[in-house]
Amino acid sequence: MSRALDGVRVVELAHFAYVPSAGAVLADWGADVLKIEHPRHGDPMRGTTIGGIPPGTGGFTFMWEMANRGKRSVGIDLSTPAGRELLLSFVASADVFLTSFLPGVRERLAVSEADLRAVNPGLVYATGWGQGPEGPESAAGGYDQTSFWYRAGVASALTGDQPVPPDLPGPGFGDITSGLALAGGVAAALVQRARTGEGVLVDGSLLATGMWMMQPAIAAAEVAELDEFRFLDRYETQNPLVNAYRTADGRFIGLCVMKTDKHWAELCEAFGTPELVHDPRFHDQEARTQNAAELVRLLEDVFARHTLTHWTEALGRQTAQWAVVQRGADLKDDPQVVANRYLREVDYGGGRSISLVPAPVQLDRTAPELRPAPELGADTEVVLMEHGVDWDRIEELKASGIVT
């Protein structure tokens, strides 16, 4: 494929999923990403149980693989002078430094922006925050559940009449969304650096990305003087053809028909209710809006008569927009997913593989070949030799526990 970032060197000092997922996107686009980890325990994501699924289940720690595929792992103890010297040698020839570490930790490890610009003035220095780099809580940190899901208003918008906010749709939901945005910021900074020759500071945050996702609701609440924007109840809707309906076998079909008059006749045919085409209650958009609750209940009954298989065949014969409300396991067989290579099998050898989603932007209409996430310190020796460290010195560093 067209690897737009081929030749770009990234040094990543980050834990968990937000900033590492940005590094994974950069690796998908061709960058050489060196993940710096503590030589003994590494990134805590390696050993984290997610949603009751322990690390190593099925032979994989799935969140680790998702956020770190395609990188090289270098195990270095940065609390030591020799370890910091090695890091600086990497940074000196790097294009990007990517970190999630909080300001105090960066100061303690001497990897602040000023520290690293002293050895590489043209560095793109990119940081991922919980709440952003300014303000009283800039150094407080944050996770996707707190900074993205709760604080940015996403959970509240989905709570409705429930006694507590709903859970995230999946692990790292805010992390990987924010990581994609941060990777885009890094790419933009590389373009700016190419034009000016100067280093660029890039800041992203979970809060900012959550607010970006909620921007229409934030604007709507302001202009309508609401505490919070909410869609109308399914029975109060202005358009019953933008709704989800349950099938006889307990699945859901989602309709999203914006030009209802254009599609009404063919939809009635697909529904098996041709008599509704000229029914005065529903014959045009105005009538359907006035009788929305009645039409929603009628369609609930219609969809409940048949299984998902019936409805996919029937709706497939008309041209209005609709979709099956799919489950995670369904996506591997989705013909559009297959045709566009939106899932890529990552081969670990020995018959082991896992399917991962590549960065959702393709270059030259090709999908990247994803490579496995590295074992802790798997690339330490090779990377050190690439940076001029001879074998005798590597042996000394390993014996002292500074690298692994």
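Within the option set Asp28, Asp32, being acidic (Asp, Glu), modelled with pLDDT of 95 or more, under 26 Å from Phe173 (Cα atoms) and under 16 Å from the mean Cα position of the chain (by Cα) holds for one residue only, Asp28. Scanning region 246-263 turns up one or more residues that are modelled with pLDDT of 95 or more, touching a His at 6+ places or on another chain (Cβ under 9 Å) and surrounded by 15 or more Cβ atoms within 10 Å (Cβ to Cβ). Can you spot a residue in region 28-40 that is in contact (Cβ under 8 Å) with a residue 12 or more places away in the chain, closer than 27 Å to Met385 by Cβ, in a strand (DSSP E or B) and among the basic types (Lys, Arg)? Yes. State which residue pairs qualify: first residue on the phi > 0 side of the Ramachandran plot and inside region 115-140, second residue surrounded by 14 or more Cβ atoms within 10 Å (Cβ to Cβ) in any location, beta carbons under 8 Å apart, and separation of 6 or more residues or different chains. So the pair list comes out as Gly132/Ser138; Gly132/Asp203; Gly132/Ser205; Gly132/Leu207; Gly132/Ala208. Listed by first and then second residue, the pairs linking a residue in region 55-66 that is among the polar types (S, T, N, Q) to a residue that is surrounded by fewer than 18 Cβ atoms within 10 Å (Cβ to Cβ), with Cβ atoms under 6 Å apart and 6 or more places separating them unless they lie on different chains, are Thr61/Pro55.
Screening the candidates Glu37, Glu65, Glu85 for the property of being in contact with a Ser or Thr (Cβ under 9 Å, 6 or more places away or on another chain) and assigned by TED's automatic domain parsing to the domain that holds Asp347 yields one hit, Glu37. All of Leu376, Leu356 fail the test of being under 22 Å from the mean Cα position of the chain (by Cα) and modelled with pLDDT of 95 or more, apart from Leu356. Say whether the condition of being closer than 30 Å to Ile218 by Cβ, in the same structural domain as Ile394 (by TED's automatic domain parsing) and of a type in the set (A, V, I, L, M, F, W, C) is met by at least one residue in region 132-146. Checked against the condition, which is being closer than 30 Å to Ile218 by Cβ, in the same structural domain as Ile394 (by TED's automatic domain parsing) and of a type in the set (A, V, I, L, M, F, W, C), region 132-146 yields at least one hit. Taking the criterion of being free of Cβ contacts under 8 Å to residues at least 24 places away in the same chain and within 16 Å of Pro39 (Cβ to Cβ), the residues of region 368-398 that qualify are Glu381, Arg393, Ile394, Glu395, Glu396, Lys398. Screening Gly401, Gly350 for residues that are more than 17 Å from Pro39 (Cβ to Cβ), loosely packed, with under 14 Cβ neighbours inside 10 Å and out of contact with any His (no Cβ under 6 Å at 6 or more places or on another chain) leaves exactly one candidate, Gly350. For region 196-204, the count of residues that are outside any strand (DSSP E or B), of a type in the set (A, V, I, L, M, F, W, C), exposed (fewer than 14 other Cβ atoms within 10 Å of the Cβ) and under 25 Å from the mean Cα position of the chain (by Cα) is zero. Considering only region 158-176, I want to know if a residue exists there that is in contact with a Phe, Trp or Tyr (Cβ under 6 Å, 6 or more places away or on another chain) and either of a type in the set (Asp, Glu) or more than 25 Å from Asn68 (Cα to Cα) (or both). Yes, region 158-176 contains at least one residue that is in contact with a Phe, Trp or Tyr (Cβ under 6 Å, 6 or more places away or on another chain) and either of a type in the set (Asp, Glu) or more than 25 Å from Asn68 (Cα to Cα) (or both). May I ask you to verify whether Gly170 is touching a residue at least 60 places away in the same chain (Cβ under 8 Å) and not β-branched (Val, Ile, Thr)? Yes, satisfied. Within the option set Gly104, Gly83, Gly141, Gly160, being more than 26 Å from Trp29 (Cβ to Cβ) and in contact with a strand residue (DSSP E or B) (Cβ under 6 Å, 6 or more places away or on another chain) holds for one residue only, Gly83. Assessment of region 222-233 against the conditions (β-branched (Val, Ile, Thr) and crowded, with 20+ Cβ neighbours inside 10 Å) yields no matching residue. Gly59 fulfils the conditions (1) over 30 Å from Leu397 (Cα atoms); (2) surrounded by 18 or more Cβ atoms within 10 Å (Cβ to Cβ) except for a single criterion, (2). If the condition is being in contact with a strand residue (DSSP E or B) (Cβ under 7 Å, 6 or more places away or on another chain) and either at pLDDT below 95 or not in a loop (DSSP other than H, G, I, E, B) (or both), then region 307-342 contributes Leu308, Trp311, Thr312, Leu315, Trp322, Ala323, Val324, Lys332. Select from region 270-306 the residues that are small (Gly, Ala, Ser) and either outside any helix (DSSP H, G or I) or in contact (Cβ under 8 Å) with a residue 24 or more places away in the chain (or both) and list them in ascending order. Correct list: Ala270, Gly272, Ala292, Ala293, Ala304.
The values are calculated or read from the model by the stated rules, or taken from the named source; none is laboratory data. The shown structure was predicted, so the numbers you read here are calculated from the model rather than taken from an experiment. So basically every Cβ, Gly included, is an ideal-geometry build from the backbone, and we count neighbours across all protein chains shown.
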